[in-house]
Amino acid sequence: MEISLTLFKMKILVLEPFFTGSHKQWALGFQQCFPHPVEILSLPGRHWKWRMYGGAVSLAQAFLRLQELPDIILATSMLDLSTFLGLTRSKSQGIPVAIYFHENQITYPWSPDDPDPELKRDNHYGFINYTSALSADQVFFNSSYHLHSFLDSLPDFLRQFPDHKSLDTIDSIQAKSKVLHLGLNLKAFDKYRIEAKNEKPIILWNHRWEYDKNPEAFYDSLCYLKNEALDFQLVILGEQYKHSPKVFQQIEREFANEILHLGYAESFEAYATWLWRSDILLVTSNQDFFGGSVVEAIYCECIPLLPDRLAYPEHIPKTLKTQYLYQDKEELQLKLRSQITDNRRHSDKQILSDFVARYDWSTLAKDYVESVLSTRKGT
């Protein structure tokens, strides 16, 4: 007779060395929706390279001080899991361990200003991800694209080493891997819903101000619209950093008359309100393993224009992919122009919103319960 795992009260320990942004939101969302006690051991979300090196040591020390041990450990991809388990084997031995991949450093594009790739120091971060996946009992990825891109990259990654390349280990990682989509608190946006009727369509940017989001292509698209004498307004959200791409300064200078808001939204209410007010989500990113900010905007009924790659096709219904995904710059400009000039541009917004609503924690909770609890050996 099969007995439901949810009948047994269990304690889950989340290990998060980079507790900020989407990582923090995911951990807290998981903690709130999970029907079993969840404790979070975390470190501040800064110095990501140092977190991948030293985070395992700091979290191991914190783990060894725990008075009550967990039934399951759920680590995230910023943790050197093999080092953590080696340092805590006196207490962690026998505890089932899963790892959740928000990102990986094998397929993540490196900044052109980062000296590590040229100095061959970049491989170590990817190797941490590889050995962490090997160490875990189960491996979860936030999108189908992420799972396949990671597994597909491993053969070439391992072949670069001189010998004992252990290519057979890829099959063992694949056998224990599955997609567990990123949980989001989408229903929190409902409170701030407004029926925006803008005279000029509002184009939205709601991503980090970083190189991997390809803001230069976003800027080029805005220049195209301006050269075509098409009217629009701009909302530029997202976190800024000390070395954010200089193109944002150009946008601020050259599109001053179009900008309604520029900079980080200081509250969730402000962020949600801008999303509901906006009309068009223009995405040009070179990297997204899931794209939480993209999903949030689509949920708030922004019409998306997304590259036909990365995780984005997973967020668009099959029947609408040709309308809202683009292959190249020319197709993007054509579809952007159409959205600006077509008064029917909002016709699919409810369909698109309903499609991504499946990522809300209320819907994903059951899958998380089954997946995380199945990490127990022998289940």
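The values are calculated or read from the model by the stated rules, or taken from the named source; none is laboratory data. Remember, it's a predicted structure, so these values are computed and weren't measured experimentally. Here the Cβ is made from the backbone with ideal geometry for all residues, glycine too, and neighbour counts use every protein chain on show.
Working carefully through the options L334, L281, find the one that is surrounded by fewer than 20 Cβ atoms within 10 Å (Cβ to Cβ) and not polar (S, T, N, Q).
The conditions single out L334.
Yes/no matrix, rows are residues, columns are (1) surrounded by 21 or more Cβ atoms within 10 Å (Cβ to Cβ); (2) modelled with pLDDT of 95 or more; (3) charged (D, E, K, R); (4) touching an Asp or Glu at 6+ places or on another chain (Cβ under 8 Å):
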position	(1), (2), (3), (4)
S90	no, yes, no, no
A98	yes, yes, no, yes
F101	yes, yes, no, no
T107	no, no, no, no
W110	no, no, no, yes
P115	no, no, no, no
E118	no, no, yes, no
R121	no, no, yes, no
N129	yes, yes, no, no
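If you check I173 against the conditions, is it among the aliphatic types (A, V, I, L, M), surrounded by fewer than 18 Cβ atoms within 10 Å (Cβ to Cβ) and at pLDDT below 95?
no
Would you say S347 is assigned to a loop (DSSP other than H, G, I, E, B), over 20 Å from the mean Cα position of the chain (by Cα) and more than 30 Å from D137 (Cβ to Cβ)?
Yes, satisfied.
Residues of the range 18-35 being under 15 Å from G55 (Cβ atoms) and modelled with pLDDT of 95 or more, which ones?
Scanning the range 18-35 gives F18, F19, H23, K24, A27.
Taking the range 33-62, which residues are in a helix (DSSP H, G or I) and surrounded by fewer than 20 Cβ atoms within 10 Å (Cβ to Cβ)?
C33, W48, K49, W50, Y53, G54, V57, S58, Q61, A62
Filter the range 289-298 down to residues that are surrounded by fewer than 24 Cβ atoms within 10 Å (Cβ to Cβ) and of a type outside the set (G, A, S) and give me whichever is farthest from D348 (Cα to Cα).
Restricting to residues being surrounded by fewer than 24 Cβ atoms within 10 Å (Cβ to Cβ) and of a type outside the set (G, A, S), the top hit is F289.
Restricting attention to the range 158-165, does a residue exist that is farther than 30 Å from D367 by Cα, surrounded by 14 or more Cβ atoms within 10 Å (Cβ to Cβ) and at pLDDT 95 or above?
yes
Return a yes/no flag: does the range 319-327 have any residue that is part of a helix (DSSP H, G or I), surrounded by fewer than 22 Cβ atoms within 10 Å (Cβ to Cβ), within 23 Å of the chain's Cα centre (by Cα) and modelled with pLDDT of 95 or more.
The answer is yes, given that some residue of the range 319-327 is part of a helix (DSSP H, G or I), surrounded by fewer than 22 Cβ atoms within 10 Å (Cβ to Cβ), within 23 Å of the chain's Cα centre (by Cα) and modelled with pLDDT of 95 or more.
What are the residues in the range 207-247 that are over 17 Å from Q339 (Cβ atoms), surrounded by 15 or more Cβ atoms within 10 Å (Cβ to Cβ) and over 22 Å from the mean Cα position of the chain (by Cα), if any?
Y219, V247, listed by residue number.
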